[in-house]
Amino acid sequence: MAYGDKVIDHYENPRNVGSFGTQKEIKADKNVGVGLVGAPECGDVMQLQIKVNEQGTIEDAKFKCFGCGSAIASSSLATEWLKGKTLDEGLTIKNTQIVEELSLPPVKIHCSVLAEDAIRAAISDYKSKNGIESEAAHAH
Amino acid sequence: MQLPVYMDHAATTPCDPRVVEAMLPYFTQTFGNPGSRNHSFGWEAEAGVDAARQQVADLIGADRKEIIFTSGATESNNLAIKGAASMYAKGPAGTEKRGHIITAMHEHKAVLDPCKRLQKEGFDVTYLAPGKDGLITAKMIEEAMREDTILVTIMWANNELGTINEIPEIGKLCHDRGVVFHTDATQWVGKMPTDVTRDNVDLLSMSGHKIYGPKGVGALYVRRRKPRIRLTAIQEGGGQERGFRSGTLNVPGIVGLGKACELCAAEMDDERERLLALRKKIESAITSQLDTVQVNGHADKRLPNMTNISFGFVEGESMMMAIKEIAVSSGSACTSASLEPSYVLKALGIGDDLAHSSLRISMGRYTTEDQIDYAIEKIVAAVKKLRDLSPLYDMHNEGIDITKIEWQAH
Ligand SMILES: Cc1ncc(COP(=O)(O)O)c(C=O)c1O
C-alpha cells in the first residue's frame, strides 16, 4: 500500500522513541503515566509514556509501537503533540486531528484511534497514580 | 544492483527470454487455429501445440495424449476436482451423500474453494490438519479414508511454505483403494523431478507462470492407463482437448509453456543445487544474527527455492515497509484492510502474532548470491530497527510473558 509522506517521515525518523525505564520502574514512578493499548494478535500495540512535572505539564513523552507504519507514525506524532501540554490539554487531542495531519486512509483510521486511546490511558494512569480524580472511563 | 530485488518467485516468475522468443512467431506468422483442418495455417499451429504437448509430457513422465491445456493451475484444479467428483459421484446431482473427498486445510484457494462448492452439492469433504511441520503424510490420508471416499486432492508442495507432502506414498494408497488422486503441483513441477507413473499420480495441475513461462496458460495431466481417469468437462463447446476443455487453444501461450518445460527439464539439477545453497545461506544467516525467529515448515522436506520465516515481536506490514527494496510476500493476507494472518501458517498452529510477521522469500532462476546477501542485510537491519521500536520486545527481554498480559482486542 502507498503511504503518505508524513507517515514515511515518522516511520523513518520516529520521534521520541523509548521508555523512562523498565516496565517495573515505570510502573512505580509516580511522575510517569503509561498507556499500553492494542493487542499483539491484532497487529498493533502502542505504549505511550508521559513524564509530568509539578505544574502538571507534560514535559516529556516517549513511545514504543508494534504495528504498521501508520501506527508508528500516529504514536510518534502523539508524543510530539503531548510535549508541553497540560494534562487537560492533552485530553483534547482527537484521533481525527491525527488522521488529518498524517493523511491516513480510511483503513488506517484505527491507528489514530489507538493513539488517542494511548494518550487517554497514559493520562489516566498518571492521574490514578497521583490520586487525581479522572473523568468517567472513556470507552470506544 | 538493480532495485527492488525480486524475491517472490512463488507468486510468479518472469518469462525466460528464450520462452518469449519461441512464442513470438505464433502471434503473427503461425497464427492459425489448430482446429482448422483444411489448410496449412491450422496444421502449422497444430504442430506447434503438439510439440509443446510433448515437452510438457516429458517434464512429468507422461504421454502427450494425457496433457490437457488450460488457462492455468486454477482452471486445472477446478477441472480435476469438480470433473472427477461429478464423474465418480455416488449419487446424482441434487442428492446427498454423493461421495467423500479428502484434502488439507492449507491447500491453495484454487483447491479449497472447489471443494467447498462440492460440499454444497452433496459431497462430504475432510480438510486434514497438517502436522506442525506442515506435512500431509500417507498415514493421515489412510486414517481419513472411508468406504465412500472417491477423491483425494493434496498439493505436492505448499505455496507458502515450500513443504513437500508424501505424494508417491499417498498415490500408492489411493491406487490400492481405487480412489482417484489429484495433486496441485504448481510449485513443484519444473523444480523437482517428476514422474507421474512412478509417483502414482492420476491428475496433476501445473501452471506456466511459475516456471518462467507466460501467464494464463497451464496444463492438467489426466492419466489414461492403470487406471484410466475420466472427468466431466466443465467448459463445454467446440470439443477441443478431447472434449475435456473446449475453446480455441492459446497457441502462443501453449508453445511458451512447452518451451518453459523443456528449459526446466534441462536445467533442473544444477538449478536445484544452486537454489538450495542460497536458501541455506539466507536461513542460516538470519537465524544466527537474530533471536526469536523461526523457519516454518519441515527442516528438510521443503522446496529448494523458498523459505518462510517468522520474526517475533515485529509486525508484518511495518516489516514490509522496512524492506521495500526487496519484493517478498508477507505471512498475512493483509494486502489492505483485512489483517487476517495466513490460514496456511495458522493451520500449522503458528500463533497469530508470529503469523503476522512472517515473510515468504522465494528465489528463482535469476536470483544471484549478491541479491541474497543484500536481502540478508536488509532483513536483519529491519528487524533490529523494528525491535528497537517494539514494546513487546522490551517486555520479552525483561522476562515478561506477553501471552499472559490481558490485551484489549480492538
Ligand atoms: C499451489 C498453487 N495452486 C494454484 C495456483 C494458481 O495458479 P494460476 O495462477 O496458474 O491459476 C497457484 C499460484 O498462485 C499456486 O501456488
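Of all DSSP beta bridges in chain B, what percent run antiparallel (nearest 5)?
Numbers: 22 of 40 bridges.
Around 55 percent of the beta bridges assigned by DSSP in chain B are antiparallel ones.
Length gain on complete extension for the stretch B:Gln294 to B:Arg18, per 0.36 nm per residue less the alpha carbon to alpha carbon distance? The partial results should precede the final answer.
Details: separation 276, 0.36 × 276 = 99.36 nm, distance 3.80 nm.
Between B:Gln294 and B:Arg18, full extension yields 95.6 nm more.
Under the definition of partner shielding as Cβ atoms of other protein chains within 10 Å of a residue Cβ, what is the mean value for peptide A:60-67?
Numbers: counts 0, 0, 0, 2, 9, 7, 17, 8.
Mean shielding count: 5.
Tell me, what ³J(HN,Hα) does each residue in the range A:29-34 have, in order and in whole Hz, if you take phi through Karplus 6.51 cos²θ - 1.76 cosθ + 1.60 with θ = phi - 60° and put x for Gly and Pro?
6, 6, 7, 10, x, 10
Using a simple spin-label model with points 7 Å from Cα along the Cα→Cβ vector, what separation in nm is obtained for B:Arg272 and B:Ala11?
Between B:Arg272 and B:Ala11, the label points sit 2.8 nm apart.
May I ask you to give the solvent-accessible area per residue for the protein assembly as shown, in square angstrom, as obtained with a 1.4 angstrom probe?
On the way: 22980 Å² over 550 residues.
Using a 1.4 Å probe on heavy atoms only, each residue of the protein assembly as shown averages 42 Å².
Tell me the mean residue ellipticity at 222 nm calculated for chain B from its helices only (DSSP H runs of n ≥ 4, each -39500 (n - 2.57), averaged over every residue, nearest 500). Write down the numbers at each step before the final one.
Values: 13 runs with 162 residues, N = 410.
Here the helix-only value at 222 nm equals -12500 deg cm²/dmol.
So which GluC sites (Glu not before Pro) in the range B:339-410 pass both tests, a DSSP loop state and at most 16 other Cβ atoms within 10 Å of the Cβ?
Working: sites: B:Glu369, B:Glu377, B:Glu398, B:Glu406; in loops: B:Glu398, B:Glu406.
Within the range B:339-410, the qualifying GluC sites (Glu not before Pro) (loop, at most 16 other Cβ atoms within 10 Å) are B:Glu398, B:Glu406.
In debye, nearest 20: dipole of the protein assembly as shown around its Cα centre with unit charges on the Cβ of K, R (+) and D, E (-)?
On the way: 62 positive and 74 negative charges, 343 e Å.
Using only the charged Cβ atoms, the result is roughly 1640 debye.
What is the mean number of Cβ atoms from other protein chains located within 10 Å of the Cβ atom of each residue in peptide A:13-25, rounded to a whole number? Working shown, then result.
Values: counts 0, 3, 0, 0, 2, 3, 2, 0, 0, 5, 6, 2, 0.
Taking the mean over all residues of the peptide, I get 2.
Treat each spin label as a single point 7 Å out from the Cα along the C-beta direction, and report the A:Lys127 to B:Lys324 distance in nm.
Those two pseudo-labels are separated by 3.9 nm.
Just flag the GluC sites (Glu not before Pro) in the range B:134-168 sitting in loop per DSSP whose Cβ has no more than 11 other Cβ atoms within 10 Å.
Numbers: sites: B:Glu142, B:Glu143, B:Glu147, B:Glu160, B:Glu166; in loops: B:Glu147, B:Glu160, B:Glu166.
Qualifying residues, ordered by number: B:Glu147.
Identify, among B:Val180, B:Leu290, B:Met105, the residue whose Cα sits farthest towards the positive end of the charge dipole of the protein assembly as shown, taking +1 on the Cβ of Lys and Arg and -1 on the Cβ of Asp and Glu, with the dipole about the Cα centre.
Farthest towards the positive pole: B:Val180.
Which ³J(HN,Hα) values, rounded to whole Hz and listed in residue order, are derived for the range A:44-57 from phi using the Karplus coefficients 6.51, -1.76 and 1.60 in 6.51 cos²θ - 1.76 cosθ + 1.60 with θ = phi - 60°, glycine and proline given as x?
9, 9, 10, 10, 10, 10, 10, 10, 10, 8, 5, 7, x, 9
Please arrange B:Trp188, A:Trp81 by accessible surface area, largest first, computed with a 1.4 Å probe and ligands excluded. It would help to have the intermediate numbers written out before the result.
Numbers: B:Trp188 20, A:Trp81 70 Å².
Correct descending sequence by accessible area is A:Trp81, B:Trp188.
Taking N as the number of residues in the protein assembly as shown, what is its Cα Rg relative to 2.2 N^0.38 Å?
Numbers: Rg = 27.9 Å, N = 550, 2.2 N^0.38 = 24.2 Å.
This ratio for the protein assembly as shown stands at 1.15.
Note down the relative contact order for chain B as a percent, whole number, built from C-alpha pairs under 8 angstrom at least six residues apart.
Dividing the mean separation by the residue count of chain B yields 21 percent.
Do any trypsin sites (Lys or Arg not before Pro) in the range B:195-260 lie in a loop, going by DSSP, with at most 16 other beta-carbon atoms within 10 Å of their beta carbon, and if so which? All intermediate terms of the calculation are to be shown ahead of the outcome.
Values: sites: B:Arg198, B:Lys210, B:Lys215, B:Arg223, B:Arg224, B:Arg225, B:Arg228, B:Arg230, B:Arg242, B:Arg245, B:Lys259; in loops: B:Arg198, B:Lys215, B:Arg223, B:Arg224, B:Arg225, B:Arg228, B:Arg230, B:Arg245.
Loop-located and lightly packed - B:Arg198, B:Lys215, B:Arg224, B:Arg225, B:Arg228, B:Arg230.
If I ignore ligands, DNA and RNA and count only protein heavy atoms, how much of B:Ser40 is accessible to a 1.4 Å probe, in Å² to the nearest 10?
50 Å²
Convex hull volume of the Cα atoms in chain B, per residue, in Å³?
Numbers: hull volume 64.0 nm³, N = 410.
Hull volume over Cα atoms, normalised by residue count, gives 156 Å³.
What ³J(HN,Hα) values, in whole Hz, does the Karplus curve 6.51 cos²θ - 1.76 cosθ + 1.60 give for the range A:60-67 when θ = phi - 60°, with x put for Gly and Pro?
8, 9, 9, 9, 9, 8, 9, x
Quick check on chain A: helices-only [θ] at 222 nm, where DSSP H runs of length 4 and up contribute -39,500 (n - 2.57) each and the sum goes over total residues. Nearest 500, please. Provide the component values of the computation, followed by the final result.
On the way: 6 runs with 61 residues, N = 140.
When only DSSP H runs of four or more count, the value is -13000 deg cm²/dmol.
Over both sides of the B-A contact, add up the buried accessible area with a 1.4 Å probe and give it to the nearest 100 Å².
Numbers: alone 18280 and 7380 Å², together 22980 Å².
Rounded to the nearest hundred, the buried surface is 2700 Å².
Just read off the accessible area of B:Thr292 with the full protein assembly in place, 1.4 Å probe, to the nearest 10 Å².
Its heavy atoms expose roughly 60 Å² to the probe.
With a 1.4 Å probe and all protein chains kept in place, how do B:Asp58, A:Asp44 rank by accessible area, largest first?
Details: B:Asp58 100, A:Asp44 5 Å².
From most accessible down to least: B:Asp58, A:Asp44.
In percent, how large is the relative contact order of the range A:42-140, given Cα pairs closer than 8 Å and 6 or more residues apart?
25 percent
Taking H as built 1.01 Å from N, whose amide H comes closer than 5 Å to the amide H of B:Gly218, not counting residues under 5 places away?
For B:Gly218, whose amide H was placed from the backbone, the distant partners under 5 Å are B:Thr70, B:Ser71, B:Gly72, B:Gly208.
The values are calculated or read from the model by the stated rules, or taken from the named source; none is laboratory data. Since this is a predicted model, take the numbers as computed values, not measurements. Glycine gets a Cβ as well: all are built from the backbone with ideal geometry, and neighbour counts include every protein chain shown. To get the accessible areas, we keep the full protein, side chains included, count just its heavy atoms, and leave off ligands, DNA and RNA. Shrake-Rupley method; radii C 1.70, N 1.55, O 1.52, S 1.80 Å.
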